[in-house]
Amino acid sequence: MMRLFNSLTKKKEEFKPISDGEVGIYSCGPTVYDFVHIGNLRSYLFADILHRAFLYNGYQMKHIMNITDVDDKTIRDARGAGVSLKDFTDKYTAGFFEDLEKLNIKKDQYIFPRATENIDGMVELIKKLLEKKVAYKADDGSIYFDISKFPDYGKLSGVDFERDSKSRVNNDEYAKNEAHDFALWKAWDEKDGDVFWDPPAGEAGTELGKGRPGWHIECSLMSSKNLGEPFDIHTGGIDLIFPHHENEIAQSEAVSGGKFVNYWLHNEFLMIDGQKMSKSLNNVYTLKEINEKGDSLAFRYLCLGTHYRQKMNFTWESFEGASNAYRKLTAVLRGFVDEPKIGCAELEQKFLDAINDDLNTPQALAVLWETVKSDYPESAKLATILKFDEVLGLQLKDCAGKGSKIPEEIATLGMQFGEARERGRQTGDWSEADNYKKILEEKGWKVEFGENKSFKIKKI
C-alpha cells in the first residue's frame, strides 16, 4: 500500500487509483528557453522515482510531461537570439532530453506533448470558459479568467484575495502572495513578432483574436487531453503551487464542474550553499557543470539522500561525498561474482516499506547499504540490490559482477586513495595518495583511474 503526501489535503494519504492497477501522472516539464538547472532536474528525478515506485508496485503507467515551447520567456529570448521560435526551443528541448538520458530517467515511457502542437485544444478550452462567463475579454484585447467566479480559488495554495478585486496580470509568473485575474489568451503585440495564432471566431462572444495562449491554460489542456478528468496525480516543484497549479485547478474545474486532480505532489527547493539559485549569485548550475566534476548518476545518488519534501542543500563537498559513496558502491558490486539468484526477502520488505511511505528514498538507500554489508550470500545480495535499483535507477546492473571479487575493505581503501589523489592535485603533496597506493599494493590490489574521477580496482 502506497502512501503519498497530498498537497491539496496537507496530509499523507493511501493512494487509491481511479482505475485499478493503472496510474495517470502529469508532471510539469521544462520551459525551453535555456538549459535546465539542477533545481529543475531535482523535480524531474522526483517524478522518475515516483514513476519507478508505481512500476515496482505492479501498476501500469501513463506519464505525461509537457514541453512549454511558447511563453513570455521563449518568445523574448528567441527574438533576442534572432532565430525562429521553433529553432530556438528545439535546441533546448534536445538538451533537456540529453540530461534525462544522463540521469537515467525513464523518458522512453513518458509522453512529451508540446504546447505549440496543442493550440487548437487550448482555444476550445478558452472558448468554453467564455461561454460559462468565468472568463472575459479585457480592454487590452486579452482574455482573462475571473477568479471571483471560482469560489474555491486558493484551496491548493491557501492564497486569499479580495472577492471584488478586478486586478489583472498578463505575465505568466507573478508575486507569490497576490491573487489576480490571469491571462488565458494574450493579445498579440509587437514584442511577440511573428509568434501568434488567429483562431476562427466561432460563436458570438467567444472571439479570441490574434494572439497566443497563457502558460497556465497550456498545462490544463495537455494534462486533460492525455489523461482525462479527473486524473490521479499531478507533480511539480513547490514553487509552482501558486500561481501555476492554483490557476490550473480554477480553469479546469470551472469547465468540468468536477475534480481536476486527486493527488498533488510537490518537491521542495534545491538550495546552493544554503541559498536559492540566482544568476546574480552565479550559483545556477547545469548538469554539464556537474559532469565536469563528477558523474551524473552521482548527482542522482545525492538527490536520493534527501526526501523530496525536504529542502536539499547542494554543495560541491556534498556532491563529492555522494560521488565517493557511489564509486564505493559500484566497486563493491563489481566484486560480486556470483550470479544473482534468490534475494533477501526481509530486506526487500524493508525497502518496499520505505518506498511506499511517501517515497522515503533516504531510508531506501540505508536499506541498500544494509544489504551490501549483510551476511547474506553474494548471489542473494546482488539479486536484491538489482531489484532495489528498479526504483533507485543507479544503473547498478552495468557494473555488477564486472570485476574481480573485491572485499569491502579494499573498496574503501580504493575510495580513500581517490580522495587523497584529488587532494594531492590541489596541494601538490602526493604523500597521502602514495601511502594508500602502497597499502593497496601490499594487499595485492591496484587502482586504475578513468574520467570524471571514476576508478576500477583490480588484482595485481
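Overview of results
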read-out: Residue within segment 346-362 that is in a helix (DSSP H, G or I) and closer than 19 Å to Ala298 by Cα present; value: yes
read-out: Residue within segment 320-327 that is farther than 25 Å from Gly237 by Cα and of a type in the set (A, V, I, L, M) present; value: yes
read-out: Any pair with Cβ under 7 angstrom, 6 or more apart, that starts in segment 444-456 at a residue that is assigned by TED's automatic domain parsing to the domain that holds Phe336 and ends at one that is modelled with pLDDT under 65 and among the hydrophobic types (A, V, I, L, M, F, W, C); value: none
read-out: Single residue of Phe35, Phe88 found to be over 24 Å from Ser224 (Cα atoms), assigned to a helix (DSSP H, G or I) and touching a helix residue (DSSP H, G or I) at 6+ places or on another chain (Cβ under 8 Å); value: Phe88
read-out: Checklist (1) among the charged types (D, E, K, R); (2) under 18 Å from Asp295 (Cβ atoms); (3) at pLDDT 85 or above applied to Asp429, failing item; value: (2)
read-out: Pairs where the first residue, in segment 376-400, is assigned to a helix (DSSP H, G or I) and the second is at pLDDT 95 or above and of a type in the set (Phe, Trp, Tyr), C-beta under 7 Å, 6+ apart; value: Phe388/Phe351; Glu390/Tyr56; Val391/Tyr56
read-out: Identity of the residue in segment 434-457, at pLDDT below 80 and in a helix (DSSP H, G or I), that ends up surrounded by the fewest Cβ atoms within 10 Å (Cβ to Cβ); value: Glu451
read-out: From the options Ile105, Ile49, residue that is in contact with a Gly (Cβ under 8 Å, 6 or more places away or on another chain), in the same structural domain as Gly237 (by TED's automatic domain parsing), of a type in the set (A, V, I, L, M) and in a helix (DSSP H, G or I); value: Ile49
read-out: Test set (1) in a loop (DSSP other than H, G, I, E, B); (2) among the charged types (D, E, K, R); (3) buried (at least 20 other Cβ atoms within 10 Å of the Cβ) - Asp139 fails condition number; value: (3)
read-out: Residue selected from segment 35-69 under the condition charged (D, E, K, R) and over 16 Å from Thr361 (Cα atoms), by the criterion farthest from the chain's Cα centre (by Cα); value: Asp69
read-out: Boolean, Ile126 is touching a residue at least 24 places away in the same chain (Cβ under 8 Å) and not in a helix (DSSP H, G or I); value: no
read-out: Criterion: more than 18 Å from Gly158 (Cβ to Cβ) and at pLDDT 95 or above - qualifying residue of Val255, Val261; value: Val255
read-out: Ala187 surrounded by 23 or more Cβ atoms within 10 Å (Cβ to Cβ) and either without any contact (Cβ under 8 Å) to a residue 60 or more places away in the chain or at positive phi (or both); value: no
read-out: Residue that is farthest from Ile64 (Cα to Cα) [pool: residues in segment 170-224 that are at pLDDT below 90 and touching a Phe, Trp or Tyr at 6+ places or on another chain (Cβ under 6 Å)]; value: Ala179
read-out: Among residues of segment 108-123, those that are touching a residue at least 24 places away in the same chain (Cβ under 8 Å) and in a helix (DSSP H, G or I), counted; value: 8
read-out: Residues of segment 215-233 classified as charged (D, E, K, R), in contact with an Asp or Glu (Cβ under 9 Å, 6 or more places away or on another chain) and more than 17 Å from Ala183 (Cβ to Cβ), total; value: 2
read-out: First in segment 334-346 and at pLDDT 75 or above, second anywhere and of a type in the set (Val, Ile, Thr) and part of a loop (DSSP other than H, G, I, E, B), Cβ under 8 Å, 6 or more apart; value: Arg334/Ile406; Gly335/Ile406
read-out: Verdict on Tyr326 being buried (at least 20 other Cβ atoms within 10 Å of the Cβ) and under 18 Å from the mean Cα position of the chain (by Cα); value: no
read-out: Single residue of Asp152, Asp172, Asp140, Asp72 found to be over 24 Å from Leu265 (Cβ atoms) and under 29 Å from the mean Cα position of the chain (by Cα); value: Asp72
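One line per residue, one yes/no per condition, for (1) surrounded by 14 or more Cβ atoms within 10 Å (Cβ to Cβ); (2) out of contact with any helix residue (DSSP H, G or I) (no Cβ under 7 Å at 6 or more places or on another chain); (3) of a type in the set (Gly, Ala, Ser):
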{"position": "Glu339", "(1), (2), (3)": "no, no, no"}
{"position": "Ala354", "(1), (2), (3)": "yes, no, yes"}
{"position": "Ala364", "(1), (2), (3)": "yes, no, yes"}
{"position": "Leu368", "(1), (2), (3)": "yes, no, no"}
{"position": "Ser374", "(1), (2), (3)": "yes, no, yes"}
{"position": "Ala380", "(1), (2), (3)": "yes, yes, yes"}
{"position": "Phe417", "(1), (2), (3)": "yes, no, no"}
{"position": "Ala420", "(1), (2), (3)": "yes, no, yes"}
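The values are calculated or read from the model by the stated rules, or taken from the named source; none is laboratory data. Only a predicted model underlies this, so the values are computations on that prediction, with no experimental measurement involved. Backbone-built Cβ (ideal geometry, glycine too); neighbour counts: all protein chains shown.
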